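Single-structure report; data block below.
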Amino acid sequence: MKLSVQEFRDWEHKSITLLGMSGVGKTHLSTLLRKKGWFHYSGDYRIGTRYLDEPILDLIKQQAMQVPFLRDLLRNDWIYIRNNIKVDDLGPVLSFVGKLGNPERGGVPLDEFVSRQAAYREAEIAAMRDVPEFIRKAREIYGYPHFVNDVGGSLCELEEPGVIDLLAKHSLILYIQVTNAAEEQKLIERAQSDPKPLYYRPEFLREQLAVYLQEKGLGFAAEIEPNDFTRWVFPRLFHSRIPRYEAIARPHGYTVTSEEVAKVRDEADFMALMETAITRNAA
């Protein structure tokens with residue numbers, strides 16, 4: 001969706017999709033706007049509560065059934081397990097996706113990891129296809145005048161025809177770009193210390209896995225130390241996504257920097273930033 005500044009100001013029910021790597025400020029903006037009458041749609045929350053809820057619970061129950069005490073309680077329906085995901089705490093989704101590597105060190109075997117990656121991809125596509133309906137629900141059921149779509153960092157990886165077109169039709173896409181090395185390093189360190197669920201395109205995973213195994217002198221994915229691979233691969237994932245984000249933002253939306261987003265303190269600041277982005281694009 002492309003608008004002039006005046007068209008943006010006159011847009012009665014604004015819908016914004018925030019695009020960018022985890023940690024650039026998407027949830028910061030969404031939380032800020034939620035306090036000012038915007039409906040906050042979290043793609044990852046929708047994934048965890050709707051599309052991966054049952055697989056997450058199945059995985060937990062599978063582990064619980066290995067403990068005799070818990071097995072008896074579950075079989076007799078004396079306890080129940082539920083997914084307690086939060087918008088700002090994606091632990092259940094992170095646990096389901098897991099980390100590739102040695103199962104004895106908490107890793108997920110390669111075949112199972114690939115299967116979970118495919119499930120995560122399908123869940124994210126479904127969550128994005130839900131956006132138009134939630135825009136309607138936000139206004140007609142819950143009475144929110146505006147809508148902000150806080151998407152996962154892997155949106156640019158999905159390669160699903162129509163998803164970006166759908167979002168561009170129903171919302172204004174705002175790409176939050178990291179523009180300097182210091183901010184980039186800070187984001188990478190944050191992602192490594194506080195990881196979010198990561199999706200890897202199959203070809204990217206195959207290529208990077210081969211490089212990693214060669215560098216480390218390993219023969220099989222089952223020998224990988226899970227945390228080490230995650231730390232090693234994230235900077236490469238980060239750089240591989242930049243041109244993909246830009247390829248979405250150029251024809252479909254607008255771009256701001258993470259530094260500009262960090263200065264946003266209220267809704268008025270956000271509106272001013274949006275107008276700056278629109279003006280900059282038109283120049």
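A short reminder: the numbers here are calculations on the coordinates, not readings from a lab. Computed from a predicted model, the values in this text were never measured in an experiment. Here Cβ is always computed from backbone atoms with ideal geometry, including for glycine, and neighbour counts include all displayed protein chains.
Some points to look at:
- Computed E for ILE141/MET65 - FRET, C-beta separation, R0 51 angstrom, nearest 0.05: 0.85
- Under 13 Å, Cβ to Cβ, from ASN180 - net charge with Lys/Arg +1 and Asp/Glu -1: -3
- Where the Cα pairs of the chain fall when distances are cut into 5 Å bins, in %: 1, 5, 11, 15, 17, 16, 12, 9, 6, 4, 2, 1, 0, 0
- Taken over the stretch 96-207, the ratio of Cα radius of gyration to 2.2 N^0.38 Å equals 1.29.
- If both residues of a DSSP beta bridge must be in the chain, then about 5% of such bridges are antiparallel.
- Simple spin-label estimate for ALA126 and GLU160 gives 0.9 nm between the two label positions (7 Å along the Cα-to-Cβ direction from each Cα).
- Where only alpha carbons of the stretch 1-73 are counted, the Rg and the Dmax (Å): 20.0, 65
- Segment ASN76-ALA268, extension gain: residue separation times 0.36 nm, minus the distance between their alpha carbons: 63.6 nm
- Cleavage-rule hits (chymotrypsin sites (Phe, Trp or Tyr not before Pro)) in the stretch 1-87: DSSP loop, at most 16 neighbouring Cβ within 10 angstrom: TRP11, TRP78, TYR80
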